[in-house]
Each structure stands twice: as structure tokens, then as C-alpha cells.
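Colleague: A single structure is presented below for examination.
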Amino acid sequence: MTLAICGLGLVTPFGTTPTEHVYYLRAGVPAPPASPFETKDGDRVDVSFCRFLGAAAPIEERLLQLGERALATAMAPLAAWVKPSETRVLLVTARPRPGLDQYASARLEKHVAAHGSETRKFFGDAGAFAALREAPGLITPEARVVVVVAVDSFIEPRTLEDRVRFPPSYWNMDGPEASEGAAAMVLMDPYQARRQSCPILGTFEAAAIAAGAANDENDEPVDGAPMVAAMRQLPDKPRVRSAFGPWRVDLLRRDEWQLATARMHERFASENEFHCIERDVGRLGAASGLANAVYGVTMLKHVATDALEAANSPCLAWALSPDGTRGVAMLTGGRA
């Protein structure tokens, strides 16, 4: 079931709206504040953090403020008529890690719960695609709006200490610095959206997930098969000309994507654009999948792709969670 995308939100150290990200990153501005974090030996720990939060805010406050801003931006077009009783919220966060325990997102969860009659939780970078996969089944005459929100932050001393103590392998690629962000996407039935005169920013076609053996905690070989299994669950639409995901984050994610696209070459046009928002804004963790989806839809909507053909074709957004879950979604920019 195709759904209309009626609201988008995206917050990172480089911008507070999806449109800002498309044009600021295209122009190469603005630069984030210099990192105030150092090791005990005086070496700088490179991070990107949001100016409105500063570097000292606790993780609970960071998650709340990031999620609140992304959600407010996404829900703004519907604020005049939508009620919490008509809304279901799907929240994506990170699983516990050093500096982020199971209680860190409690304030965020309470805040987003106030925006809907029901809240469901999902985890990890690919959790957004598990949430999007469920969205069509949650649209009913009583619950006309589904909003997906993904939030994460690595700007926490214990989290940064863990990253310094256990850096990526010497043989891995140089990945993006630690960062933070939130993304949100509001979905409705296209007919209902037009009846309410809601702006239709794009369409959500379908999403899928698949489990893979290779993950962030092992050295299992990567063959792209799990991502292929996920992509095969998507509609057989015209050939894809652009994709948005973490292919510049590390070798696991890059190799998984490149091998999967080679296996599924018939689904892609001969000329493609592969974008990675984390290359520019830093590592977003559990917000990665939805941030790439929001960034992709906005780029297509504004015809800001490198080629015009890419803006007029469906795109894919994808992610790979630390536990090995792969997720992918097909979306378009423009009217439903």
C-alpha cells in the first residue's frame, strides 16, 4: 500500500530541517563547532554536536531535544487538524551501550507518547525500516496518521571513551566522526491527505528487513545476500537511479551494499547516484536509516540530485544495524 509522505523532519549539527540539509550540504556549509573533547594525552576526539545543545548537555536531554525538534518540524503541516487520538508513533532508538542505558530515552519516550494514541518501539540503524514496514497496516479510519521518529546521539563521555578505547580496525576505512541527530516522517493514506489539503512531499512505497550473520561484533564474510533478500521484497518498480544509506561509514556496510547492488543489477539503472548523509554530518547510529530516507525524499523533491533522471525516479534508502539487521525502503519525491 502506497502512503503519502506529509511531513519530514531532520536535525543534525548541520541543520534543523530537511531542506537546510539538502542545500547546506550541497554548498559545503556550515562547519560544526570545534570538538571540546580530548583524551588524557591531550589528543582531540573529533565529534560533531548540535549548537543548540552544546557539548555538555546530558544524554537524556540530547535525545529529548533532538526528537522534539524533528517531530515538531514533521508534524507542523498537520498541526491545525490532527489529534493525538488519530496518530500512532513509531519510535526508533539505539539499544543499550556504554553511556546509553535502557532509561536514557525515558523522557523522549514520554514526550513522543503524548503525540499519539499508541507508541511502538524499534531499535538500531535499520529499525526505521521495520517501523515503516508496519506503517501501512496501522492506518485506519480512526488512526489516520503514522509518524516514525528515529533519534540517537554519541555525544556522551562514556560513549566517546568506548569509541577511543576500541577504534575501528586498522584495515577498515576511515569512517565519519561521532555525531547526533533525529529524523521524522509522517505518513497518511493519499486520499485522506488530499481531502485534508495536506502537502504531499513524496510517497512511501514499501520497506523490508532481513537478518544477516555479518555484524559489528564479528568478522563473518559479507556477500550481500541479506540485503538482496530485503530488496526482493520491494515492488518491481522502474529501475532505481539513486540510493541513500551508510555506504561511506565502514567496510561492512559498503561491501554489503556494493555486493547487493551487483547481485540485483537488473533493479538499477546503468547510471546511479549513491549518497551517504553520514559522510557529511557524522555517525548517526539509530537515526541513520530514517535520516537517509528523509534526506533522499527531500533531495528528490527539490530536484537537487546530480541528474534530473534520478529526481524523477524512485529511490532506495537503506541501513545496517549493529546486530546485522538489514533494512531498505523504496520512496519517491513529489506528489502521490
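Colleague: Look through the stretch 128-174, keep the residues that are part of a loop (DSSP other than H, G, I, E, B) and β-branched (Val, Ile, Thr), and return whichever of them is surrounded by the fewest Cβ atoms within 10 Å (Cβ to Cβ).
Modeller: 140
Colleague: Give all pairs with beta carbons closer than 9 Å in which a residue from the stretch 85-110 that is within 18 Å of residue 183 (Cα to Cα) and in contact (Cβ under 8 Å) with a residue 12 or more places away in the chain meets a residue that is surrounded by 15 or more Cβ atoms within 10 Å (Cβ to Cβ) and among the basic types (Lys, Arg); count only pairs at least 6 apart in sequence or on separate chains.
Modeller: These pairs meet every condition: 87/144; 88/120; 89/120; 90/120; 91/120.
Colleague: Look through the stretch 210-247, keep the residues that are touching a residue at least 12 places away in the same chain (Cβ under 8 Å) and of a type in the set (S, T, N, Q), and return whichever of them is nearest to residue 313 (Cα to Cα).
Modeller: Ranking the qualifying residues of the stretch 210-247, first place goes to 242.
Colleague: Does residue 278 satisfy being within 30 Å of residue 217 (Cβ to Cβ), among the acidic types (Asp, Glu), within 14 Å of the chain's Cα centre (by Cα) and outside the structural domain of residue 7 (by TED's automatic domain parsing)? Reasoning before the result, please.
Modeller: Details: within 30 Å of residue 217 (Cβ to Cβ): yes; among the acidic types (Asp, Glu): yes; within 14 Å of the chain's Cα centre (by Cα): yes; outside the structural domain of residue 7 (by TED's automatic domain parsing): yes.
Taking the combined requirement at face value, the residue satisfies it.
Colleague: Here is a list of conditions, (1) crowded, with 19+ Cβ neighbours inside 10 Å; (2) modelled with pLDDT of 95 or more; (3) hydrophobic (A, V, I, L, M, F, W, C), and residue 193 meets all of them except one; can you say which number that is?
Modeller: (2)
For every residue, the table says whether it meets (1) touching a Gly at 6+ places or on another chain (Cβ under 8 Å); (2) β-branched (Val, Ile, Thr).
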{"position": "135", "(1), (2)": "no, no"}
{"position": "139", "(1), (2)": "no, yes"}
{"position": "155", "(1), (2)": "no, yes"}
{"position": "162", "(1), (2)": "yes, no"}
{"position": "167", "(1), (2)": "no, no"}
{"position": "174", "(1), (2)": "no, no"}
{"position": "185", "(1), (2)": "yes, no"}
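Colleague: If you take just the helices (runs of 4 or more DSSP H) that sit entirely in the stretch 182-271, which of them hold at least 1 residues that are under 30 Å from residue 171 (Cα atoms)?
Modeller: 225-231, 251-263
Colleague: Using the structure shown, decide if residue 73 is polar (S, T, N, Q), out of contact with any Asp or Glu (no Cβ under 9 Å at 6 or more places or on another chain) and assigned by TED's automatic domain parsing to the domain that holds residue 153.
Modeller: Here the answer is yes, as residue 73 does meet what is asked.
Colleague: Can you name the residue in the stretch 216-243 that is touching a strand residue (DSSP E or B) at 6+ places or on another chain (Cβ under 8 Å) and polar (S, T, N, Q) and is also surrounded by the fewest Cβ atoms within 10 Å (Cβ to Cβ) among such residues?
Modeller: 233
Colleague: Of everything in the stretch 86-119, what is closer than 17 Å to residue 187 by Cβ and either in a helix (DSSP H, G or I) or not basic (Lys, Arg) (or both)? Give them in sequence order.
Modeller: 86, 87, 89, 90, 91, 92, 112, 115, 116, 117, 118, 119
Colleague: Then there is this: Output yes when any residue across the stretch 49-64 is over 30 Å from residue 206 (Cα atoms), out of contact with any Leu (no Cβ under 9 Å at 6 or more places or on another chain) and assigned to a strand (DSSP E or B), and no when none is.
Modeller: no
Colleague: Does any residue in the stretch 248-271 that is without any contact (Cβ under 8 Å) to a residue 40 or more places away in the chain come within less than 8 Å, Cβ to Cβ, of a residue that is among the hydroxyl-bearing types (Ser, Thr, Tyr) and surrounded by 18 or more Cβ atoms within 10 Å (Cβ to Cβ) six or more places away or on a different chain, and which pairs are these?
Modeller: Pairs found: 268/261.
Colleague: Would you confirm whether or not the stretch 245-254 contains a residue that is more than 19 Å from residue 125 (Cα to Cα) and either surrounded by fewer than 23 Cβ atoms within 10 Å (Cβ to Cβ) or assigned by TED's automatic domain parsing to the domain that holds residue 130 (or both)?
Modeller: no
The values are calculated or read from the model by the stated rules, or taken from the named source; none is laboratory data. Here the structure is a predicted model, which means the values were calculated and not measured. Cβ sites come from the backbone with ideal geometry, for glycine too, and all protein chains shown count toward neighbours.
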